[in-house]
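Take a look at this one; I'll ask things after.
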Amino acid sequence: MADGKEPTVAEPGVPMEPRVPMEPGVPTGPDVPADAAPSSGAMSTRRLRSEDYNDYSSTDVTPEGSPPAGINGFTRPESYQRFGESNGTTWYQTLIHLLKGNIGTGLLGLPLALKNAGILLGPLSLLVMGVVAVHCMSILVKCAHHFCYRFQKQFLDYGGTVMYGLESTPIAWLRTHAIWGRRVVGLFLILTQLGFCCVYFVFLADNLRQVVSSANSTTTDCHSNRTVTLTPTMDSRLYMLSLLPFVVLLSFIQNLKILSIFSMLANVAMLVSLVVIYQYIVRDIPDPSTLPLAAAWKTYPLFFGTAIFAFEGIGVVLPLENKMKNPRQFPLILYVGMTIVTILYISLGVLGYLRFGAAIQASITLNLPNCWLYQAVKLLFSFGIFFTYAVQFYVPAEIIIPPLVARVPERWGWLVNLLLRVVLVGITCVLAILIPRLDIVISLVGSVSSSALALIFPPLLEIATYYTEGMHPLLIAKDVLISLFGFVGFVVGTYEALVELATPATVINGTSTSGQ
């Protein structure tokens with residue numbers, strides 16, 4: 001926690017005075033603006049604090065047992081009564097934040113992910129993973145509602161919900177160590193956010209290197225397929241080192257209002273880039289009959305890591321739902337928003353793989369022609385990712401730095417703060433240099449941390465929350481199956497990513513790719 005204090009955990013059945021807890025677990029996701037919640041791609045969630053989170057909500061409290069909806073779904077719309085609605089977000093604002101929280105760099109890597117799964121198996125797997133991911137989001141919201149009813153809380157984040165879930169289990173050891181649920185979630189959130197930052201370093205280096213190396217051959221003709229002679233340039237790792245001072249300076253910005261401006265600029269840049277990318281890949285699609293319906297099983301774990309990296313937006317749902325003027329609309333917004341996200345993922349993945357086939361690279365931007373329009377797209381998307389780094393970095397910085405700064409004299413606090421920021425940014429840069437392959441970094445981050453947050457924890461949380469109240473065996477079996485699927489993906493995906501990392505890479509068009 002930022003203030004170094006542990007939260008008071010209410011005994012089951014004993015209601016507490018409504019308050020906004022100071023939770024250390026910060027919701028994440030690929031691209032959420034600073035005023036909503038961060039996240040795998042573009043925007044990041046801000047940390048919710050009692051002094052700036054004015055969400056005055058009230059519920060029909062049932063100190064013991066579940067909220068009216070029980071374990072069968074979201075709480076009933078009638079269960080909500082919000083005050084201070086003028087400060088809340090509307091349904092379309094929430095929808096936009098949800099979309100931004102799930103669309104980022106992972107989207108650009110999905111065409112290669114489909115190559116690792118197959119032109120038929122890949123889209124089907126993306127659809128299944130999308131359905132499971134949305135179901136896990138609904139589980140998290142439902143369990144948070146349960147404990148808000150039970151303990152009269154105004155808001156619970158991911159870490160706090162897991163902590164109270166462990167408090168509700170019949171196993172004494174888990175109840176005694178419930179605080180570790182909060183800490184473990186916080187750890188995985190930090191790993192995920194810093195992993196996103198590593199991905200950004202590799203993405204920026206790869207795209208800038210390609211633009212520079214092909215600068216002398218860049219033309220205004222975007223329709224020719226002539227071979228481009230690349231100019232020798234620095235290794236991508238040297239580009240990362242060159243970017244480091246600028247990223248460090250960017251990380252010194254600690255004002256969320258200023259970061260929100262950069263967040264907006266990044267969103268506009270990436271939206272324009274996506275529109276241009278779509279209009280290019282839908283033209284001149286070659287015969288897909290040569291593409292395999294299902295790829296070798298050895299590469300499927302790499303698909304899993306990339307796909308779950310893209311879908312890891314579960315951390316944004318609780319703050320978005322709690323900030324709404326009318327939270328009764330949130331279940332519909334969640335399903336509509338994630339349906340749009342899933343369609344976008346499948347369409348870009350399929351079209352990108354169909355368009356470029358076996359030549360698809362770690363980011364689809366690296367496959368774009370070397371004419372000024374598409375070179376500008378690469379630079380524009382890189383511009384958006386550069387500023388997104390600051391928003392994503394805000395999350396782990398706010399979890400890690402304040403407790404450490406509190407241990408030093410006040411007059412040295414500002415210096416320690418800046419030095420810790422330099423160290424954290426340096427760590428992400430060093431890790432990116434050690435793993436300078438974008439596809440492997442995305443798959444590794446997805447397998448290690450995103451699978452835990454998006455697939456493993458929510459089903460186990462549902463069991464911990466409702467087991468003592470009686471759960472149908474089929475419901476328990478469903479939760480165990482989803483969690484087991486996430487765990488297998490975590491283990492096998494991590495292993496295969498590390499194996500691929502040890503495989504010699506070949507250089508294609510200025511970027512390194514797998515040698516297989």
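We did not get these values from a lab; they are worked out from the coordinates using the rules stated. Since we're looking at a predicted model, the values are computed, not measured.
Anything over 23 Å Cα to Cα? Flag those among 115/298; 257/325; 325/478; 153/323, in the order listed.
With Cα atoms farther than 23 Å apart: 325/478.
Name the shape class, rounded, prolate or oblate, that the alpha-carbon gyration tensor gives for the range 242-388, where a ≥ b ≥ c are the square roots of its eigenvalues, rounded holds for a/c under 1.5, and otherwise prolate holds if a/b is larger than b/c and oblate otherwise.
Taking the square roots of the gyration eigenvalues as a ≥ b ≥ c, the range 242-388 is oblate.
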